[in-house]
């Protein structure tokens, strides 16, 4: 084998062939061929092989180049067609290339990558670029970029460094993901969450499982005492929160709504909160199942309606009480004497159930002995099971309570366990009977105590309201009437028994008397029964000559005419009163017959009889009393025969219907019905019930004499005679016409505006919902126009509110003339009308309608003797372009209306999403300011007022700043207008004044020299009632001398009401406060009243100084003239002059030259916080370099 160094070796020949091709070294090869060191065949073979090898390498290189070019083309296509913005950057940040998405989204008017961001985030992009160069990649979130649409774009940024190709430098690829909408949505969700949190309506979601396990609740559920996360676990069941008495009803009604495929379910029930308080709520849920994490769910809203339910409960209580009184009166009016005790017990049962107590009882005063006697009682089913304990308690008299009952209007013990120690004996007595609460009401008639009505609660404490006690006292009066009737009935029955007993043992009194000629009548015979009638024995009466002396004086004349002075043959009868021997009065019926005595010439004889009718007269008196009770009853009483013919009506009937008793008696009761042609179903049911012998109760309608409809809550009862046969019908009625009218009026007011008769917000929302449903079904559009009248307040203030009301009615009438068949017009309050176009073929039609509305509004309106001209602003929202729900459509129309008003009024505007963003920003700023006021986020900065010659600090002006925890310092120009517009300025002003007083006190205690501090007062604050009193209270609370404060008022604020402003400022001045007029020269103040205002200082507004000192500024001479005039005016009026906004030395020199020595502005000092202004106060002046 040849060595490698051998010229003839294969390696050597191959090397020489390569040199021949590469270096063209032919001469050396030829020499070696001549010398024979190599063979021509070998060199040619190696040349051929080497040539083939080079050719193969070239082919591989060309394929690699094609692949590389294709990959580069695909990368370029991918880069330029990416849907997200993408940039190609040099490592120094120079923009080399961009795709279409980047061109559409970003402002590419710069050269360097950091310049794409806003000023605040430019450094973040620079840092990301450095990180990408160092690590090969970088990422940043929520970077604010300059948009191609001249707005801020918020995006996530990703950078990736690509490796360099051969000699080229590395490139960096940057992509952007737009997060602007997501961040807006996040902020909107935060704002929505705040609104929801302030609401009493809680959103819930529960699984479609037994017990309704909760899987979600809105954050404001914490108002119930529960954390929101407790409802996300599924361990809390919604049914467990429902009051036990309502659970079955809630589940049953919800299941029924699902079975009937009702889209919505609404039910009112009671809910138990975490603190065990029971609240009334309205559950409104959708019956449509929605997917959940663990299975299908339902969702709904729970709204607190406790106040509404309490009001309705009070109304129901009143109606229940009227029904109770009517039922008790009916019980007593229709009861037979043997039923009185049972009716009393039934009345106690109804009273006990009405008052929701465990025991209701009656104890009566004993007639023959002092004390009380238990007579009637009722126990509830839950407390009356222990019969032995009932008998023991019922037998316990209330004798120890009698003195208090006789003296006090009532005795109320809400809770025995809370009685004071001095009443331990009373507590022991009641707890021994297991009584927890007691109410005792005296039962009186004509001032006489008849008994005690008692109500006991055994199981729980019972507090009695004044209204409940008042109602129950009325009930006790009704029971008193019943007791009187019962006593009369008992006495009457005893009297009847005595009468029957005596009648059985004796006959009536008969007598005979003789009158001789020229004499007088003398009894010569009388039956022994006279002693029972008169108390005198028969022989005593004969000895006295007769019984005429027993006749009462008032009846003597009747006795003489009807018994003594009658002619022979005559018969008479009369009723007389006799004085019994015991002093009592007896009624007798005296029957007399005169005859001539045949045994004695010229004599006359009287044959007479006396019948004791005392008991009958007593009964008649009782009946008269009962008739008087019925006649004077507050209820309407009508009695008819079985055919319905009226036999009796009381005075209340005549008072209510206008019919006199005489003209209605004998008429058919059907003539009074409200239906003239045929009886109503109610009357037919009434007669069917009565014919079956049962009592009917309910509401019936009749007509008064004047034809008006009369509504009665009636109780119609059949009356039975002694044999139990129905003989008459009695109707007891309560006039409920006013209540019915009130109910109808309330129903009207719930849905309509009382001034114009137009639908209100609630009814209009229903109509908008229906219109949207029809539009969605039929495929047409809907328009909603929100219309506000401009400057209605001016008409109210100038012509009066009656003129304003008349104008609103006229506007409503005009706008109704523009409505189509299905359109609607409503009034939402004030001067705001809403016009619904139920069918809109094209959006342009709403423009024509808006023009018609403007034309109608601008036509003159006649108001009494005046002619008014008004204009209106209109906001338009469309379906389906703007919203698909009624609430959003109304909200968007209002937003467009506000934009029209902001743009100058007398305009119409369509809704745009930008309006919502603007309103949302204002709302968020307002809510944040409210939060800031509550959490001490506002602070004071102080700007010195100095002697512009020496720099000495003469006073400070307090300037409010808002240090928001997220936004940082918020400029006053951003939040003060919001505070003015929303009224928050009335809360902000006192905060500033208190902070200034607190700072003065702190500096005093720290030994810092004090100069007066000026505090600004807005126009709204200036005209508040008792302003001076409130300011004095704040200064007194902080122990601040009034001379250490100064109040600044703008010139324009004093012009709202000059006389009022003078009065208020004089009161402030009397406190010792210094007063200054801010922004002087901008409010067009009149010199005629300027001298009347108790001002010590006027401040030249900074706008007049801005152009002074710059010789090229246009208008500088005019402004200089104004400033010189203000200085001269102030000096002539003896006022101090302060110049605001002094920022240049030339402005200071100008002021000194023209006599103004006091100023404030950036030339002397910026507004500084208290800790930075304190060193200046200690030094007494601002540094010379500043002035």
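One table, with the values for the structure above:
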| item | result |
| --- | --- |
| Label-point separation in nm, residue 127 to residue 182, each point 7 Å along Cα→Cβ | 2.1 |
| Crossing angle, helix 913-934 versus the chain [Cα axis fit, 0-90 degrees, rounded to tens] | 70 |
| Simple label model, 7 Å out from Cα along Cβ direction - residue 585 to residue 935, nm | 8.8 |
| Likely footprinting exposure, 861, 795, fewest C-beta neighbours within 10 Å first | 861, 795 |
| 975, 1080, 321 arranged by Cβ crowding within 10 Å, fewest neighbours leading | 321, 975, 1080 |
| Percentage relative contact order, region 563-668, counting C-alpha pairs under 8 Å, at least six apart | 15 |
| Rg/Rg_ref, region 635-742, where Rg_ref = 2.2 N^0.38 Å and atoms are Cα | 1.02 |
| C-alpha long axis of helix 801-816 to longest principal axis of the chain, angle in ° | 70 |
| Ranking of 1156, 253 by count of other Cβ atoms within 10 Å, fewest first | 253, 1156 |
| Cα centroid of region 403-461 to Cα centroid of region 583-616, whole Å | 60 |
| Region 506-619 - percent relative contact order, Cα under 8 Å, separation 6 or more | 27 |
| Value of [θ]222 nm, deg cm²/dmol, for the chain, DSSP H segments ≥ 4, -39500 (n - 2.57) each, nearest 500 | -13500 deg cm²/dmol |
| Inter-part distance where region 819-853 and region 1139-1187 are each reduced to a Cα centre, Å | 60 |
| Per-q log10 I(q)/I(0), region 434-477, q = 0.20, 0.26, 0.30, 0.31 Å⁻¹ (Debye; single scatterer per alpha-carbon; no solvent) | -0.67, -0.93, -1.06, -1.08 |
| Per-pair calculated FRET efficiency, R0 = 25 Å: residue 487 and residue 404 via Cβ, rounded to 0.05 | 0.55 |
| Relative contact order for the chain, counting Cα pairs under 8 Å that sit 6 or more residues apart, in percent | 3 |
| Cα centroid separation - region 200-266 against region 147-162, whole Å | 46 |
| Gain on full stretching of the segment that runs from residue 1071 to residue 554 - 0.36 nm per residue minus C-alpha separation | 177.6 nm |
| For Rg/Rh (Cα atoms, Kirkwood Rh), calculated from these coordinates, the label among [x] 1.21; [y] 0.99; [z] 1.14 | [x] |
| Nearest-ten-degree value, helix 737-751 long axis tilted from longest Cα axis of the chain | 10 |
| Value in Å of the Kirkwood radius, where region 752-911 supplies the Cα pairs that are averaged | 15.7 |
| Tail weight of P(r) past 15 Å, computed on alpha-carbon pairs of region 253-324, percent | 67 |
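FYI, it's all coordinate maths here, none of it is from the lab. What you see is a predicted model, and the numbers here were worked out from it, not measured in a lab. Ideal geometry is used to build each Cβ from the backbone, glycine not excepted, and the neighbour counts take in all protein chains shown.
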